[in-house]
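The values are calculated or read from the model by the stated rules, or taken from the named source; none is laboratory data. Because the structure is predicted, anything quoted here is derived from the model rather than measured. Every residue, glycine as well, gets a Cβ built from its backbone with ideal geometry; the counts of neighbours run over all protein chains shown.
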Amino acid sequence: MICLSDAGKRYNREWIFRHFNYNFELGQSYAITGPNGSGKSTLLQVVSGSMYANEGKIQFTINNKVCADENVYKHVSICAPYLEVIEEMTLTEFLDFHQGFKSFIPGMSSDKAISIIGLEKARNKQIRYFSSGMKQRIKLAQCVFSDTAIVLLDEPCTNLDKEGIDMYHSLVTDYCNDRLLIVSSNDEVEYKFCNHLINISNYKIR
């Protein structure tokens, strides 16, 4: 569970959100919605533990035990447009390298992951030569296939064509049902399966 109590985040003197109270629970899926520039990604980064809130409290509970801030990253995987892949590596090298930091879910391997995301023919090609849509498939793979309880997706269908979007929905259906899933998006295609909707605009200072 991720519990936010009266959480707020500001840049300089501008509050992005404030008085945010919410419990995110395992086995549930949540969508953070709102206009472009409204703070969806900022809230997601605060929830991930990679960005501190300016006020309030955030508590992570794993297996009914409070998780120390410095250990949160072990339980979280994230996919976002602003996160880069290592373009000098081949696809296989990159996924193998990633597993050195965060293991894949049981039964998953780099070869199997590459097959699932439909990039078998590019497994030995350097990522620098991939299209933007192919790179997005890699970002989704390293996130969804990581053995973490919390999966965070920021605009997950960025640069994906229809086939890629269908693949994204299959990944969510097949691998995310028993996890805590949060999607940040203003496109219903990306979050239509979510059980809970959170409009970030409701937490703006008026």
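Brief remarks follow.
- Selection of the range 112-124 for residues being surrounded by 13 or more Cβ atoms within 10 Å (Cβ to Cβ) and either among the acidic types (Asp, Glu) or on the phi > 0 side of the Ramachandran plot (or both) yields only 118.
- Just one of the listed residues (175, 203, 168) is under 30 Å from residue 55 (Cα atoms), of a type in the set (Phe, Trp, Tyr) and surrounded by 12 or more Cβ atoms within 10 Å (Cβ to Cβ), namely 203.
- The set of residues from the range 165-184 being part of a loop (DSSP other than H, G, I, E, B) and farther than 24 Å from residue 74 by Cα is empty.
Yes/no per residue for (1) in contact with a helix residue (DSSP H, G or I) (Cβ under 8 Å, 6 or more places away or on another chain); (2) surrounded by 20 or more Cβ atoms within 10 Å (Cβ to Cβ); (3) of a type in the set (Gly, Ala, Ser); (4) part of a helix (DSSP H, G or I):
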{"position": "78", "(1), (2), (3), (4)": "yes, yes, no, no"}
{"position": "88", "(1), (2), (3), (4)": "yes, no, no, no"}
{"position": "93", "(1), (2), (3), (4)": "no, no, no, yes"}
{"position": "97", "(1), (2), (3), (4)": "no, no, no, yes"}
{"position": "135", "(1), (2), (3), (4)": "yes, no, no, yes"}
{"position": "139", "(1), (2), (3), (4)": "no, yes, no, yes"}
{"position": "151", "(1), (2), (3), (4)": "yes, yes, no, no"}
{"position": "163", "(1), (2), (3), (4)": "no, no, no, yes"}
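- Breaking point among (1) among the aromatic types (Phe, Trp, Tyr); (2) over 16 Å from the mean Cα position of the chain (by Cα); (3) not in a loop (DSSP other than H, G, I, E, B), for residue 73: (2)
- Qualifying residue in the range 178-191 (condition: over 13 Å from the mean Cα position of the chain (by Cα) and either without any contact (Cβ under 8 Å) to a residue 12 or more places away in the chain or surrounded by 20 or more Cβ atoms within 10 Å (Cβ to Cβ) (or both)): yes
- Residue within the range 118-129 that is charged (D, E, K, R), part of a helix (DSSP H, G or I) and touching a residue at least 40 places away in the same chain (Cβ under 8 Å) present: yes
- Flag if residue 36 is on the phi > 0 side of the Ramachandran plot, polar (S, T, N, Q) and surrounded by fewer than 19 Cβ atoms within 10 Å (Cβ to Cβ): no
- Condition broken by residue 15, with the remaining ones in (1) among the hydrophobic types (A, V, I, L, M, F, W, C); (2) within 28 Å of residue 168 (Cβ to Cβ); (3) surrounded by 16 or more Cβ atoms within 10 Å (Cβ to Cβ) satisfied: (2)
- Per-region count, the range 56-90, residues among the aliphatic types (A, V, I, L, M), closer than 21 Å to residue 23 by Cα and without any contact (Cβ under 8 Å) to a residue 40 or more places away in the chain: 3
Results for (1) out of contact with any strand residue (DSSP E or B) (no Cβ under 9 Å at 6 or more places or on another chain); (2) within 21 Å of residue 40 (Cα to Cα); (3) among the charged types (D, E, K, R); (4) modelled with pLDDT of 95 or more, shown as yes or no for each residue.
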site: 137; (1), (2), (3), (4): yes, no, yes, yes
site: 150; (1), (2), (3), (4): no, yes, no, yes
site: 154; (1), (2), (3), (4): no, yes, yes, yes
site: 160; (1), (2), (3), (4): yes, yes, no, yes
site: 163; (1), (2), (3), (4): yes, no, yes, yes
site: 172; (1), (2), (3), (4): no, yes, no, yes
site: 180; (1), (2), (3), (4): no, yes, no, yes
site: 188; (1), (2), (3), (4): no, yes, yes, yes
